[in-house]
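S.K.: Structure provided below as structure tokens; questions to follow.
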Amino acid sequence: MAHKTSTGPGVDSQAAPLDLIQADDEKQSRHNAITLDPESQDNASENPPQAAKKQSAFKSLGWLDRYLAVWILLAIILGILLGNFAPGTAAALDRGRFVGVSVPIAVGLLVMMYPILCKVRFESLAEVFAHRGVWKQIGFSVFMNWIVAPFLMLALAWATLPDQPDLRTGLILVGLGRCIAMVLIWTELAGGDGEYCAILVAINSILQIVLFAPLAVFFIRVISGESGEHDVPYDVVATSVAVFLGIPFGAAIISRFSLRTLAGPEWYQDVFLRFVSPWSLVGLLYTIVVLFAYQGQQVVHQIVSVVRVAVPLVLYFIIIFFLTLWATYRAGFGYRLGTTQSFTAASNNFELAIAVAVAVYGPFSDQALASTVGPLIEVPVLLGLVYVVKWIGKRWGWKE
């Protein structure tokens, strides 16, 4: 299943090195337009939706990704059981703390972020940004991701949880975290442009370090008017973001440049990335087990809260996805670019939202509970949207 590099308005696909993501398996390497032979590129470009349709989206995933929703559900159940039937678990996990977070949770959060960031080709950013057409796509994505999406989540949180400020705050944090991980999988499965998606991932990685903390304070303290016990100290939020995104971000840059220099690019791709890639999902599942072990009794007694949080999340993913898809179609974007923009806007960095919620409010908080429900809802909804957008591409005859 191969695709040629998709181009935006005014972008020369032969000149722009849009492949910013390092493929971590054989299928992804074939998906990389720069390494494809010309014949494969021509065949892949004839009909992107048809090319994407050759393999079932569900079967395209590895076994860990394929059943991620199941693993998340099992992790939640295991955590709840530990919290309810092993009362000493929470106290044991909370003995050591790092930046206000339990050490076991902090380890899981850092493990989640590092493998994904190791795949970003930071060395190619300067060349990519030299092409004016790329900036049009980036500008549209920044508008949808950092203006439309957060305000949509804010509106849905207030509309569905007007009497639950803590749960509402957790949802706001989810809306502010732009995805830098699973969006790569959804884009690939739907036949989107992996190269442009990698650019947006790199941009969102940088913007989150700069914007997440001030926007969190602005949305929660200024717009929502939360104060007192719900007040968000800027320095705590900034420290949480800097630690749980900055540390893996810096470690990934060091790992990439040092290992590629010492061991070679092929070893980095074929050995190192293959080894570290699964640890992102392992870290996510481990973190969820620990979080729900902390909150086991609370979840059992607040099942209604979990259901209430799920409602705005489902609405959010569907609305922002189809709003972006409609806008890109009306703007004349090709199928691959429209699909990439839509999944980027709809996906969220729930790892970062969980990290900030736990650091600021604590693992027992409703804010942490709301952010933890995010991946359980996001994974099945976005996997379903993969099938929907491929059907739409075929139905509309939406060409590249």
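The values are calculated or read from the model by the stated rules, or taken from the named source; none is laboratory data. This structure is a prediction, so every number in the text was calculated from the model and none was measured. Backbone-built Cβ (ideal geometry, glycine too); neighbour counts: all protein chains shown.
S.K.: Criterion first (over 14 Å from the mean Cα position of the chain (by Cα), within 30 Å of R66 (Cβ to Cβ) and buried (at least 24 other Cβ atoms within 10 Å of the Cβ)) does M182 satisfy it?
M.R.: So M182 does not fit the description; no.
S.K.: Sticking with this structure for a sec: Of the residues A310, A345, A357, only one is within 25 Å of F292 (Cα to Cα), in contact (Cβ under 8 Å) with a residue 40 or more places away in the chain and crowded, with 24+ Cβ neighbours inside 10 Å; which?
M.R.: A357
S.K.: Within the range 94-113, track down each residue that is surrounded by 15 or more Cβ atoms within 10 Å (Cβ to Cβ) and part of a strand (DSSP E or B).
M.R.: Listed by number, the residues that qualify are F98, V101, S102.
S.K.: Also, I was wondering about something else. Checking the conditions here, which among T239, T261 is out of contact with any Gly (no Cβ under 6 Å at 6 or more places or on another chain), of a type in the set (S, T, N, Q), farther than 17 Å from T344 by Cα and modelled with pLDDT under 85?
M.R.: When all the criteria are applied, what remains is T239.
S.K.: Hey, any hits in the range 312-321 for a residue that's within 30 Å of K399 (Cβ to Cβ), modelled with pLDDT of 90 or more and out of contact with any Leu (no Cβ under 7 Å at 6 or more places or on another chain)?
M.R.: yes
S.K.: Having 1 or more residues that are of a type outside the set (G, A, S), modelled with pLDDT under 90 and farther than 13 Å from S224 by Cα is the bar; report the helices (runs of 4 or more DSSP H) wholly within the range 134-212 that clear it.
M.R.: Where helices (runs of 4 or more DSSP H) fall fully within the range 134-212 and carry at least 1 residues being of a type outside the set (G, A, S), modelled with pLDDT under 90 and farther than 13 Å from S224 by Cα, they are 183-189.
S.K.: Hey, another quick one. Among (1) farther than 19 Å from L281 by Cα; (2) over 12 Å from the mean Cα position of the chain (by Cα), which single condition is A355 missing?
M.R.: (1)
S.K.: Residue pairs, Cβ under 6 Å, 6 or more apart or interchain, first in the range 156-180 and under 12 Å from I220 (Cβ atoms) and touching a residue at least 60 places away in the same chain (Cβ under 8 Å), second in a helix (DSSP H, G or I) and basic (K, R). List them.
M.R.: That search, which allows pairs on different chains as well, returns A157/R168.
S.K.: Taking the criterion of being out of contact with any strand residue (DSSP E or B) (no Cβ under 9 Å at 6 or more places or on another chain), closer than 30 Å to F85 by Cβ and either of a type in the set (G, A, S) or crowded, with 17+ Cβ neighbours inside 10 Å (or both), would at least one residue in the range 246-267 satisfy it?
M.R.: no
S.K.: Six or more apart or on different chains, Cβ atoms under 7 Å: show the pairs whose first residue is in the range 82-111 and in contact (Cβ under 8 Å) with a residue 40 or more places away in the chain and under 21 Å from D235 (Cβ atoms) and whose second is crowded, with 21+ Cβ neighbours inside 10 Å and of a type in the set (S, T, Y).
M.R.: These pairs meet every condition: V99/S240; I105/T287; L109/T287.
S.K.: Same structure again: When the range 359-400 is examined, which residues are found to be of a type in the set (F, W, Y) and either modelled with pLDDT of 90 or more or assigned to a helix (DSSP H, G or I) (or both)?
M.R.: Y361, Y387, W391, W396
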